[in-house]
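Colleague: Take a look at the following structure, please.
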Amino acid sequence: MKQLLAALLALTMLLSLAACAKTTDTPPSDAAQTAASDSAEPTMLTYGSADYTRINPAMDEHGEINLLLFDGLTAHDGENNVVPGLAETWELDETTNTYTFHLRENLTWHDGEPVTASDVKFTIEAIMDPENGSENAPNFEDVEEITVTDEHTVSFRLSAPNVAFLDYMTMAILPEHLLASEDWQESDFFRAPVGTGPYKLERWDVGQAIILTKNENYYKGAPKIDRIVFKIVPDDNAQALQLESGELDLALLDPKNAAQFTGKDGFTCYDMKTSDYRGILFNFWNDYWTENRDLIPAICYAIDRQAIVDAVLLGQGMPAYGPLQRNVYNNENVEHYDYNPEKAKQVLADMGCAVVAKEVLCLRLPDRPGELARIMGVFAKLNINVEYSYSLVSTYIAISVKDLAAAEEALKKETVELIDQAQLTALVDLDRSNAQEGR
């Protein structure tokens, strides 16, 4: 008979974030906007950003700054539809699975050099080259041949139909004349990038800020904002404080921090649905999971992911069942592994497993920093074995211990409140309700 000795958390959730910004009391009139554009005073927006070690859209899958510095052959509009980018038009030959793109006339890089079809071929081939280690390479694994017909025409022949190919061609195009002999992972280019986008790099103060200035020659026209400062503020709480103080004009905040700005005078919050997801995943490099993979459905059924979304994200998200959940190519009929404790028990019973009960200590800690670490230190000094702890919301903690009586005795002199599991459940539900009402 197998024994399930450890509690494992397999959590996935789709996130909703909020972009919050300071606003003026009244919008400027058309005349005021015209006067402002004619004045010598430049307009500037300061955004709270994570840090960057490089800006390399070809190798790295993510990077908020990429869309301001670079363009792809195609782009996405506000509804996530594919629209023309550097390519003005394209056509598909369905008999040969060949896409042919026609670049706009008179496109230039930030350094003034012309953008050509050779730049497109050069970029995609670099991404496809396994020696370069690009995270984006899987998007182009069905490309069999890239052909440059002339300076403004490039074709891609695929091994099979691919309905996502136009989405993949939003990939940033990079300049061959600056990268032809460079290392795609280590080149200094990726700390002083030259693109085609609406903004170009003005200055990079490492660890402090990345400053962009508008591209007057952008093919869609010069941007309305003269400069954008990516101020490096990696901590979400610090971003909220700096938004409140006026040091930031715009920040992408988690639901907890965004709640304090929702409906507040002088601020506007935009709820953003994302396809971003987070998970604690099974490590299949560990032999345990290859030998006991039949346990995995039981663990997945046993996790109340909606409760975690409610507690951690204040309900601003949804349990995820796959990476394409908010994509037009999603299959809603796959197994979701929705929360079902009875089904989890049945799977374990069918496998001949026994669930070993643990002693659980439920606490409400004082609302002071470091309290949990201090309590763990008390247990350690008394050699009380703590197997795991699970922080729910606010200051409520569930701790698994081998000697419940010894743990309770140790806490009699501490400023903590011992509560039973029924109280814990009720308090957690109340805390979640209050948090959601405050959004």
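Colleague: Residue under question is PRO223, and the condition is that it be crowded, with 18+ Cβ neighbours inside 10 Å and assigned to a loop (DSSP other than H, G, I, E, B); does it hold?
Modeller: Working: crowded, with 18+ Cβ neighbours inside 10 Å: yes; assigned to a loop (DSSP other than H, G, I, E, B): yes.
Answer is yes for this residue.
Colleague: I've got another one for you. Given the residues THR108, THR43, which is the only one that is more than 20 Å from the chain's Cα centre (by Cα), closer than 30 Å to ARG157 by Cβ and among the β-branched types (Val, Ile, Thr)?
Modeller: Just one listed residue meets the conditions, THR108.
Colleague: Restricting to region 136-172, name every residue that is in contact with an Asp or Glu (Cβ under 6 Å, 6 or more places away or on another chain) and among the charged types (D, E, K, R).
Modeller: Within region 136-172, just ARG157 meets the criteria.
Colleague: In region 76-88, what count of residues is obtained for those that are touching a Ser or Thr at 6+ places or on another chain (Cβ under 9 Å) and either charged (D, E, K, R) or not in a loop (DSSP other than H, G, I, E, B) (or both)? Steps first, answer last, please.
Modeller: Keep residues of region 76-88 that are touching a Ser or Thr at 6+ places or on another chain (Cβ under 9 Å), which gives 76, 82-87.
Adding the requirement that they be either charged (D, E, K, R) or not in a loop (DSSP other than H, G, I, E, B) (or both) leaves 76, 82-84, 87.
So the count comes out to 5.
Colleague: Only residues that are closer than 25 Å to ARG326 by Cβ and among the hydrophobic types (A, V, I, L, M, F, W, C): list them for region 272-298, please. Explain how you work it out, then say what you get.
Modeller: Kept after step one, since they are closer than 25 Å to ARG326 by Cβ, are these residues of region 272-298: 272-282, 296-297.
Passing the criteria: MET272, ILE280, LEU281, PHE282, ILE296.
Colleague: Out of GLU145, GLU131, which single residue is loosely packed, with under 14 Cβ neighbours inside 10 Å, more than 30 Å from PHE230 (Cβ to Cβ) and in contact with a strand residue (DSSP E or B) (Cβ under 9 Å, 6 or more places away or on another chain)? Steps first, please.
Modeller: Numbers: GLU131 fails: in contact with a strand residue (DSSP E or B) (Cβ under 9 Å, 6 or more places away or on another chain).
Going through GLU145, GLU131 in turn, just one is loosely packed, with under 14 Cβ neighbours inside 10 Å, more than 30 Å from PHE230 (Cβ to Cβ) and in contact with a strand residue (DSSP E or B) (Cβ under 9 Å, 6 or more places away or on another chain): GLU145.
Colleague: Name the one entry in ALA349, ALA344, ALA354 that is part of a helix (DSSP H, G or I) and surrounded by fewer than 15 Cβ atoms within 10 Å (Cβ to Cβ).
Modeller: Numbers: ALA344 fails: surrounded by fewer than 15 Cβ atoms within 10 Å (Cβ to Cβ); ALA354 fails: part of a helix (DSSP H, G or I).
Selected residue: ALA349, the only one of ALA349, ALA344, ALA354 that is part of a helix (DSSP H, G or I) and surrounded by fewer than 15 Cβ atoms within 10 Å (Cβ to Cβ).
Colleague: Please go through region 309-335 and pick out each residue that is surrounded by 15 or more Cβ atoms within 10 Å (Cβ to Cβ) and farther than 16 Å from ASP276 by Cα.
Modeller: ASP310, ALA311, LEU314, listed by residue number.
Colleague: Could you pull out the residue among GLU244, GLU291 that is acidic (Asp, Glu) and surrounded by 13 or more Cβ atoms within 10 Å (Cβ to Cβ)? Before you say what the answer is, go through the steps one by one.
Modeller: Working: GLU291 fails: surrounded by 13 or more Cβ atoms within 10 Å (Cβ to Cβ).
It is GLU244.
Colleague: Return the only residue of GLY72, GLY48 being surrounded by 20 or more Cβ atoms within 10 Å (Cβ to Cβ) and outside any loop (DSSP other than H, G, I, E, B).
Modeller: Numbers: GLY72 fails: outside any loop (DSSP other than H, G, I, E, B).
Result of the check over GLY72, GLY48: GLY48.
Colleague: When both residues are 6+ apart or on different chains and their Cβ atoms are under 6 Å apart, which pairs have a first residue that lies in region 294-318 and is modelled with pLDDT of 90 or more, and a second that is β-branched (Val, Ile, Thr)?
Modeller: PRO297/VAL347; ALA298/VAL347
Colleague: Is it true that LYS273 is over 21 Å from the mean Cα position of the chain (by Cα), under 29 Å from GLU79 (Cβ atoms) and not aliphatic (A, V, I, L, M)?
Modeller: Numbers: over 21 Å from the mean Cα position of the chain (by Cα): no; under 29 Å from GLU79 (Cβ atoms): yes; not aliphatic (A, V, I, L, M): yes.
Considered against the rule, which asks whether it is over 21 Å from the mean Cα position of the chain (by Cα), under 29 Å from GLU79 (Cβ atoms) and not aliphatic (A, V, I, L, M), LYS273 comes out as no.
The values are calculated or read from the model by the stated rules, or taken from the named source; none is laboratory data. For clarity, every value in this text was computed on a predicted model and none was experimentally measured. Every residue, glycine among them, receives a Cβ derived from its backbone with ideal geometry; neighbour counts consider all protein chains shown.
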